[in-house]
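Readers should treat all values here as calculations from the given coordinates under stated rules, not as data from a laboratory. Predicted model only: the values in this text are computed from it and were never measured. Because the Cβ atoms are built from the backbone with ideal geometry, glycine has one as well, and the counts that use them run over all protein chains shown.
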Amino acid sequence: MSSSLSQKLTAPNGVSWEQPTGLFINNEFIASTGDAITTIDPATEEAILSVQGASADDVDKAVRAAHAAFRSPAWADMAATERGRLMLKLADLIEENKEVLAAADAWDNGKPYSEALAGDVVESYSVIRYYAGWADKIQGTTIPVPGKLAYTLRQPLGVVGQIIPWNYPLANGSWKLGPALACGNTVVLKASEFTPLSILILAKLIVQAGFPPGVVNIINGLGQTAGAALASHPLVDKVSFTGSTATGIQVMTLAAKTLKNITVETGGKSPLIVFDDCSLEQTVKWAHLGIMSNQGQICTATSRILVQKGIADRFVSAFIKEVEKTSHIGHQWDPKSYQGPQVSKQQYDRVLSYIETGKSEATLAYGGHPVKVGDGKGYFVSPTVFKDVKDDAKIWREEIFGPVVCIKTFETEAEAVELANDTTYGLASAVFTNDVRKSHRMATKLQSGMVWINSSQDSDFRVPFGGVKQSGIGRELGVAALDAYCHVKSVHVNMENDL
């Protein structure tokens, strides 16, 4: 790697590594023809370093590398078991480099290092291992048909363009890479311009694991240039996108021009429904985690809490006490930190703008202001609780993507369902009750791709993940994700039917 395309970094917690800064194409880091992108530490507002930003021409180069690799015997003829072995090696390398990857994610994202280490990195290598095990078990079927042998093959789609978000860069990148590689596809992955560090380190590990050149290509770039070029490229066979609903619609529009296969996981405004027969102490803890973890920057954040009227005052009081006890705000290297800064100035301003709007739409019960940490720099926002929220309030209906929760009351089960489903989104929902029959009724009636019973954000890489309505199309994770990265070919062998 050229020294001009890497830089020695030492994170504030003392972890050091050689950080790639180039575009990763054909197993090499190369210079781009686009503008450089500077990544910022959101806790200090200071630059960490600049990385190469891809132009449309650079995207074309990456796609053509993936296109050639898909047809190369080195990948196309590789035994599925060998693909799985390479993936297992990659997972091992991720685990071996966990401190570096966690430091990178914490530094440019702002999430606590402890959470990146125990959560994001573990999720990353676990997902890759899970799909490594599937690589040689992706099989077709035989179908009994008179006079012929009929069977199906499940084959890779080809070149996959993957666009990942900034809230879980390493974990979400692994969510997408795992099933794509297990099925035998090749990949061009675009990282978010806010969080390029960990994905570029992952690129080094892909080379070390032994993947042939061009199988995985990783680029940095802005959505309107690199992202648009990737989604619209004629040699890209599938696009997988995670991000906002508005951007997801733009990506789908570009992909539709060549009828690409597509998976999109977009926004959410997930409800958390609290019945009066719940275990209140546990409910409060899960409700807090459901909105305040990861700085509230979670697509599935349960940001709308519906509480049965008889316990509403007790719940609000207990929830605020939980915020005061647990949501310690600090920089990402402080082991006591539960909440770090928002990822960027843009996101910080967005969250504060919603909070100001909310003050005229609801009763501010807690927080509602920026927070100064240390020297006063950084994009820190107080955990914020609104109650008595109007039905048409922006803070109730629009995704904020920050540590802001809205609480409303309901009286009956039917009213709870109506309020929960009254949204354009449908990613996730949570129900808290000790009535088993009620919990299953609610799971059936709620219009969301996922329902948690007596928990929140309790996802697992072995279980499908995705939404309905304007929260997305298709599924990631679990066996369902394999269907998104292969097509079914039917083969008819005539055995008896002569003309």
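Tell me the Kirkwood hydrodynamic radius of region 346-492 in angstroms, computed as one over the mean inverse distance between distinct C-alpha pairs. Walk me through the intermediate numbers first.
Working: mean 1/r = 0.0558 Å⁻¹.
Averaging 1/r across every pair of different Cα atoms and inverting gives 17.9 Å.
More than 17 Å apart: what percent of Cα pairs in region 458-499 qualify? Let's see the in-between values first.
On the way: 462 of 861 pairs.
Cα-Cα pairs of region 458-499 separated by over 17 Å account for 54 percent.
At what distance in angstrom do the alpha carbon centres of region 435-499 and region 237-272 lie from each other?
Here the two parts' Cα centres lie 17 Å apart.
Taking only C-alpha pairs under 8 Å that are 6+ residues apart, what is the relative contact order of region 9-105 in percent?
Numbers: 87 pairs, mean separation 23.2, N = 97.
Relative contact order for region 9-105 comes out at 24 percent.
Using the Cα gyration tensor of region 272-401, with a ≥ b ≥ c the square roots of its eigenvalues, what is the shape: rounded (a/c below 1.5), prolate (a/b larger than b/c) or oblate (neither)?
Because a/c hits 1.5 or more and a/b fails to exceed b/c, region 272-401 counts as oblate.
At a 10 Å Cβ-Cβ cut-off, how would you order ILE249, ILE298, ILE40, fewest neighbours first?
Working: ILE249 13, ILE298 23, ILE40 18.
Arranged by neighbour count, lowest to highest, ILE249, ILE298, ILE40 become ILE249, ILE40, ILE298.
Taking 1 over the mean of 1/r across every pair of different Cα atoms in region 14-81, what Kirkwood radius in Å do you get? Each step should come with its number before you reach the end.
Numbers: mean 1/r = 0.0692 Å⁻¹.
Here the Kirkwood hydrodynamic radius works out to 14.4 Å.
Please state the equivalent ellipsoid semi-axes for region 79-184: what are the square roots of 5 times the Cα gyration tensor eigenvalues, largest first, in whole Å?
Computed over region 79-184, the values are 36, 14, 10 Å.
Suppose we keep just the DSSP beta bridges with both residues in the chain; what percent of those would be antiparallel, to 5?
Working: 34 of 73 bridges.
Beta bridges within the chain, antiparallel portion: roughly 45 percent.
Counting only residues 5 or more places away or on other chains, whose amide H sits under 5 Å from the amide H of TYR366 once H atoms are built in the peptide plane?
Amide H neighbours of TYR366: VAL385.
Counting Lys and Arg as +1 and Asp and Glu as -1, what is the net charge of the other residues whose Cβ lies under 12 Å from the Cβ of SER55?
Around SER55, the charge tally is -3.
I'd like to know how region 1-136 sits against the 2.2 N^0.38 Å rule of thumb: what's its Cα Rg over that expected value?
1.20
Tell me, SER439, SER32 in order of fewest to most beta-carbon neighbours within 10 Å?
In order of increasing Cβ crowding within 10 Å: SER439, SER32.
Mind pulling the angle between the C-alpha long axis of helix 312-326 and the longest principal axis of the chain? Nearest 10 degrees, somewhere in 0 to 90.
That helix lies at roughly 70 degrees to the long axis.
In square nanometres, what is one fourth of the surface area of the convex hull spanned by the alpha carbons of the chain?
25.3 nm²
Please compute the alpha carbon radius of gyration of region 379-459, then divide it by the globular-protein estimate 2.2 N^0.38 Å. Two decimals is fine.
Its radius of gyration relative to the 2.2 N^0.38 Å reference: 1.16.
Using only DSSP helix segments of four residues or longer, with each worth -39500 (n - 2.57), what per-residue ellipticity at 222 nm results for the chain after dividing by its residue count and rounding to 500?
Numbers: 16 runs with 176 residues, N = 499.
Result for the chain: -10500 deg cm²/dmol, rounded to the nearest 500.
Principal axis extents for region 188-272, Cα atoms only, whole Å, descending order, please.
Principal axes ranked by extent give 41, 37, 22 Å for the Cα atoms.
Sorting SER124, SER360, SER344 on the 10 Å Cβ count, fewest up front, what's the list?
Numbers: SER124 31, SER360 10, SER344 22.
In order of increasing Cβ crowding within 10 Å: SER360, SER344, SER124.
Quick check: convex hull of the Cα atoms in region 319-387, volume per residue, rounded to a whole Å³?
Numbers: hull volume 5.3 nm³, N = 69.
Here the figure is 77 Å³ per residue.
Calculate how steeply helix 345-358 sits against the longest principal axis of the alpha-carbon atoms of the chain, using the helix alpha-carbon long axis, and give the answer as 0 to 90 degrees to the nearest 10.
It is inclined by approximately 40 degrees.
What relative contact order, as a whole-number percentage, does the chain give when Cα pairs under 8 Å and 6 or more residues apart are counted? Don't skip to the answer; put the middle values down first.
Details: 1164 pairs, mean separation 86.2, N = 499.
Relative contact order here is 17 percent.
Take the alpha carbon atoms of region 63-111, find their radius of gyration, then divide it by 2.2 N^0.38 Å using N residues; give the quotient.
This ratio for region 63-111 stands at 1.62.
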